[in-house]
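What follows is a short report on a single structure.
Please treat every number below as a calculation from the coordinates, not as lab data. Note that the structure is a prediction, hence the values are computed from the model and not measured. Virtual Cβ from ideal backbone geometry, glycine too; neighbours counted across all protein chains shown.
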Amino acid sequence: MARAAIIVCWVMAIGLALFLIAPLLVIAAASFSPTPVFDLPLTGASTRWYGRIGRLDGFWPSLLLSLQIALLSTAISLVSGTLAAIAIARGKLPGANIFATALVSPLMMPGLVLGIALLQGFRAVGFTAPWATLLVAHLVITLPYVARTMIAGLARFDFTLIEAARTLGCTYPGSVLRVMVPALAPSFLIAGIFSFLASFDNYPVSIFLADVRTKTLPIRMLQYIEEAPDPTLAALSTLILSGTVILLFVSDRVVGLHRMAGTSD
Amino acid sequence: MTEAALPAPVAAPSVDRERLAAIGFVLPSFVIIAGVFALPLVLLLGVSIVDANGLTFANYKRLLGTPYYLGVVWNSLRLGLLTTLIAFLISYPAAFALARARGALRSVLLATLFLPLAASVIVKAFAWTILLRSDGIVNETLMALGIIEDPIRMIFTETALIVGAANIFLPFMILPIYAIVAQLDRRYAEAAATLGASPIVAFFRVILPLTLPGIIAGVALVFSLSVSAYVVPTLLIGEKYPTLATAIAKAYLLAREPGFGAAAGVVLLAIAIAVVALSARLSREPK
């Protein structure tokens, strides 16, 4: 009985691993397709689709836009989210728990609803420049990731260490820089990666704020898929995926994937 | 004498100053959450109940009073329920195996959970359109195995939709369950057995209640993600399976009916808030 249950658990775990990895392998394989259709299994290999990525209609402006929005919104969220997390962790803020919940609540809201709400809100105040609206909107997408990770990280940080450093002669900014920042480096890294990816991949909010000339990369990609899917798209997806994998691998070396499992629940 | 040699003691800031500093620290985040999140949502509610002639509930009557749109609401709920059910049935047992895995095997299994999170939803949904084509791998494999004789139509069916959605949202189910199961003390099951409980009784009276917080978190997360999914139904089933999410996009991007789109948004929001509130309540309840 118990043995049968253990076998079921292992079958499910291995099935799950194969099921989850299948679409990624398919995309990678399709990107080397020798023909313009997705003939799998492959009958040969070709890298010509990778050379065509740059010639996709509107690819470079969209990539640049997505990178700008993701980097800037992550940077602003890291600063404001960390400051808020410090105030919450110090326990000197009235209503800290309610505010902590409010900070992460956009994570549980349907992205599409946030998108139309922001479209209405920005229109109501006459704020319609696509680039600026995208940046402001992406602050709400990235801030919850930063707040969640930094609140969890700071809960383990001992603030008396700062007092100790000051007693030993460090200035206040000096003790923050030399004691607190190194101790929180893993949390910064995790918060930064999650919030960058959340912004870079976002479709449901961006679609309502973009216009014909200002389209983020996910909007472009969905458009390519709906219009004329060919292996160029698989090549682009494989490149983005490889970049993300390298990013995650490096951060795993630095802070450990296991720790990410604990903070991303 | 000795006191003069020590650095001057750090003056303790007054409580008022500390509180003021704390408020200053949260101000930027507060402005973002209040101005770019809470206020727009309130405005959305307003847009859904106010038109040129004043207060109106016509948008809600159309959404919740016509069979077609009731079907749309049901499609969203059905997508959420089926995806959550399948994700749970696979994830729950798998989390136990994952918690027992050690060394390289654990690293490989964890990597298969995190890698898909690194790929965008659009990329994964695109992969499923390739996998499920009539001349795609799934059909060819089934034919090679002699399970089917002719290719079956899979893409643009509800099966494709649910398989794709389960695949994309699964990590959000297994990660919270795994986080709980990994901390579970195996001696609980042993203690139950020592006290004479059969494995089935031990499971339902000991293991299941202990892992409930992870289940609640996973179910709430996967349901709220899949009930409002937009990219997955758009690519894997299309027009014939309209959901609240696709209706919202249509109302804003094509039909220019912001009032109706806002009403559909408020209904979707209400579903999401209900799920969050219910899960918070369930996980607080004493066992």
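Here are some notes:
- Scalar couplings 3J(HN,Hα) for segment B:114-128, obtained by applying the Karplus form with A = 6.51, B = -1.76, C = 1.60 to θ = phi - 60°, are 7, 4, x, 5, 7, 8, 6, 4, 4, 5, 5, 5, 4, 4, 5 Hz; x denotes Gly and Pro.
- For the residues of A:22-34, the average number of beta carbons from a partner chain within 10 Å of their own beta carbon is 4.
- Both radii were evaluated on the Cα set of segment A:59-214; the Rg over Rh quotient, with Rh as the Kirkwood radius, amounts to 1.06.
- Under the combined filter of DSSP loop state and at most 16 neighbouring Cβ atoms within 10 Å, segment B:74-164 retains these trypsin sites (Lys or Arg not before Pro): B:Arg102, B:Arg153.
- Highest-fluctuation residue, B:Arg256, B:Arg17, B:Arg205 considered, GNM on chain B with Cα pairs under 10 Å: B:Arg17
- Amide H within-cut-off set for A:Ser31, under 5 Å, with H built and near neighbours excluded: none
- Pair A:Met108, B:Tyr188: separation of 7 Å Cα→Cβ label points (nm): 2.3 nm
- Sequence-distant lysines (8 or more away, or on other chains) whose Cα lies within less than 19 Å of B:Lys240: B:Lys250
- For chain A, projected area of the alpha-carbon convex hull averaged over all directions, nm²: 20.5 nm²
- Residues whose amide H lies under 5 Å from that of B:Asp51, counting only those 5 or more places away or on a different chain, are B:Thr56; hydrogens are built 1.01 Å from N in the peptide plane.
- Candidates A:Ala235, A:Ala70, A:Ala155: whichever shows maximal mean-square fluctuation once chain A is modelled as a Gaussian network with Cα springs under 10 Å: A:Ala155
- A simple rule links phi to the HN-Hα coupling: the Karplus curve 6.51 cos²θ - 1.76 cosθ + 1.60 with θ = phi - 60°, which for segment A:72-81 gives 5, 5, 5, 4, 5, 5, 4, 5, 5, x Hz, with x for Gly and Pro.
- Cleavage-rule hits (trypsin sites (Lys or Arg not before Pro)) in segment A:189-245: DSSP loop, at most 13 neighbouring Cβ within 10 angstrom: A:Arg213
- Residue-by-residue Karplus 3J(HN,Hα) for segment A:243-250, coefficients 6.51, -1.76, 1.60, Hz, glycine and proline x: x, 5, 4, 4, 4, 5, 5, 4
- Ordered by the count of other Cβ atoms within 10 Å of each Cβ, fewest first, A:Thr128, A:Thr43 give A:Thr43, A:Thr128.
- Rel. contact order, % - alpha carbon contacts under 8 angstrom, at least six apart, segment A:59-214: 42 percent
- Legend: calculated FRET efficiency, B:Glu239 to B:Asp135, from the Cβ-Cβ distance at R0 = 30 Å, rounded to 0.05, equals 0.85.
- Residues A:Met221, A:Met109, B:Met173, arranged from fewest to most other Cβ atoms within 10 angstrom of their Cβ, appear as A:Met109, A:Met221, B:Met173.
- Peptides ranked, highest mean first, by Cβ atoms within 10 Å: ranges B:176-186, B:83-93: B:83-93, B:176-186
- Peptide A:219-229 has a mean shielding of 3, counted as Cβ atoms of other protein chains within 10 Å of each residue's Cβ.
- Qualifying trypsin sites (Lys or Arg not before Pro) in segment A:98-202, where qualification requires a DSSP coil assignment and no more than 15 other C-beta atoms within 10 Å, comprise A:Arg156.
- Label sites at A:Ala4 and A:Ile21, each approximated as a point 7 angstrom past Cα along Cα to Cβ, lie 3.0 nm apart.
- Whether segment B:94-153 is rounded, prolate or oblate, judged on the alpha carbon gyration tensor where a/c under 1.5 counts as rounded: oblate
- Between B:Leu45 and B:Leu208, residue separation times 0.36 nm minus the direct Cα-Cα distance comes to 54.7 nm.
- Ranked list, fewest to most other Cβ atoms within 10 Å of each Cβ, for B:Tyr252, B:Tyr69: B:Tyr69, B:Tyr252
- Span from the segment B:96-131 Cα centroid across to the segment B:29-63 one, whole angstrom: 39 Å
- Among B:Leu225, B:Leu44, B:Leu208, the largest mean-square fluctuation in a Gaussian network model of chain B (Cα springs under 10 Å) belongs to B:Leu208.
- Between A:Val176 and A:Gln68, full extension at 0.36 nm per residue minus the direct alpha carbon distance yields a gain of 36.0 nm.
- Cα-derived Rg to Rh of chain B, Kirkwood definition: 1.11
- Other protein chain Cβ atoms within 10 Å, averaged over every residue that makes up B:18-27: 6
- Computed extension gain for B:Ser107 through B:Ile148, at 0.36 nm per residue and net of the alpha carbon distance, reaches 11.1 nm.
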